[in-house]
Amino acid sequence: MGFFDFMTEDIAIDLGTANTLIIHNGKVIVDAPSIVAQDRTSGKIIATGMKASMMQGKTHENIKTIRPLKDGVIADFEASEKMITEFINHIPTIKKKLFKPALRMVICIPSGITEVEKKAVTNSAEHMNAKEVYLIHEPMAAAIGIGIDIMQPKGNMIIDIGGGTTEIAVIALGGIVCDKSIKVAGDVFTNDISYYMRTQHNLYVGERTAEKIKLQIGAATEDLESIPDDILVQGRDLLSGKPKQVQVSYREIAKALDKSILRIEDAVMETLSQTPPELAADIYNTGIYLAGGGSMLRGLDKRLSRKTDLPVYVAEDPLRAVVRGTGVALKDLEKYKNVLMK
Ligand SMILES: Nc1ncnc2c1ncn2[C@@H]1O[C@H](COP(=O)(O)OP(=O)(O)OP(=O)(O)O)[C@@H](O)[C@H]1O
Ligand SMILES: [Mg+2]
């Protein structure tokens, strides 16, 4: 270990549209919503992560909440840098250091990202005192995080359904053979639910409420093994303007989400149809792996399995698979040098 290694801290980051996760010293030490709350007049950041998320939809004119990422890529650089800097500065081992340490970072990026967007992520990291920055594609990180041996001459299909994007990739020999990224994922599901509530129940609900409905009774199919009870949803009546409550069933939500799930199914079918036959044979034997928070939608695995006639497995900890894989790559930069981009 050289002198500078002593002054360097290693960090793996999954900067997601919905959640930011950071691994340091082998542990997930940040797992927070990708949101900042800012004072409009002074421009100061008042809160980040969970605290900022609680403020969403409940702000007054002096405060605004920002989600710095959209569709898997950074949309607001200033807010995103401030958010990550906040997260990193609160890591106990870094916080107690006298001098701000230099950082060695592995950051994951969507597979559909452009060169310009890639450069922007690297620049951002350099502003945060990163001396070495490596990028890794999300589906690759997810595969490593799930525990797949990506270096083998064997095809594996990974689908990462996050907040902003669904990334579908076939991986073999440490590389992505074919992939597809679509902007239909958790955020779109949440919007579908808001739209359904407005048009079918004349009920105006905020984003947080729509997401709560998704988590409590969201479903990709009406044909579920364990059926969630109906829930009561509160919001504003669009006609009278009064606060109101309605009862909603999982069947309604399955209908509301159907079109978006169809788009994911189509993208999966398209990727399968572009897969070279030898790898298709492997996938026939191993099945499809799902990661990302969106993969926890009830019945989604079953629906994709029915569509593809393949077994579909949801990762053990789908929200953390990508960051875990990024952390594994960070720990062994030499082994993973071919999947990392400098
Ligand atoms: N139990 C659940 N059922 C359905 N959706 C869920 C569940 N839990 C979390 N989600 C959704 O998962 C999404 C967040 O997943 P994840 O953290 O993997 O996304 P992300 O990595 O931030 O986004 P991206 O990779 O697209 O940039 C959110 O839309 C959230 O609502
Ligand atoms: Mg993600």
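Bear in mind these aren't lab numbers, they're just calculated from the coordinates by the rules spelled out. Quick caveat, the model's predicted, so the values are computed rather than measured. All Cβ positions, glycine included, derive from the backbone under ideal geometry; neighbour counts span all protein chains shown.
Some points to look at:
- Its Cα centre serving as origin, the stretch 186-256 has a Cβ charge dipole (Lys and Arg +1, Asp and Glu -1) of approximately 440 debye.
- The peptide list 182-193, 93-104, 133-144, 325-336, put in order of mean Cβ contacts within 10 Å with the highest first, becomes 133-144, 182-193, 325-336, 93-104.
- Across the cross-link table entries 64/119; 131/342; 64/214, which are compared at the Cα atoms, the separations over 18 Å belong to 64/119; 64/214.
- The GluC sites (Glu not before Pro) of the stretch 170-259 that meet both conditions, a loop assignment by DSSP and at most 11 other Cβ atoms within 10 Å of the site Cβ, are 225.
- Counting only DSSP beta bridges whose two residues both lie in the chain, roughly 65 percent are antiparallel.
- Calculated mean residue ellipticity at 222 nm for the chain: -11500 deg cm²/dmol, from DSSP H runs with n ≥ 4 weighted as -39500 (n - 2.57), summed, divided by the residue count and rounded to 500.
- What you get for the chain, charging only the Cβ of Lys and Arg (+1) and of Asp and Glu (-1), is a dipole of about 1080 debye around the Cα centre.
- Peptides ranked, highest mean first, by Cβ atoms within 10 Å: ranges 286-293, 70-77, 147-154, 160-167: 160-167, 286-293, 70-77, 147-154
- Extension gain, residue 51 back to residue 337 (0.36 nm per residue minus Cα-Cα distance, nm): 99.3 nm
- Efficiency of FRET from Cβ geometry, residue 149 and residue 309, R₀ 35 Å, rounded to 0.05: 0.90
- Span from the the stretch 142-161 Cα centroid across to the the stretch 67-118 one, whole angstrom: 25
- Where Rh is the Kirkwood radius over Cα pairs, Rg/Rh for the chain: 0.99
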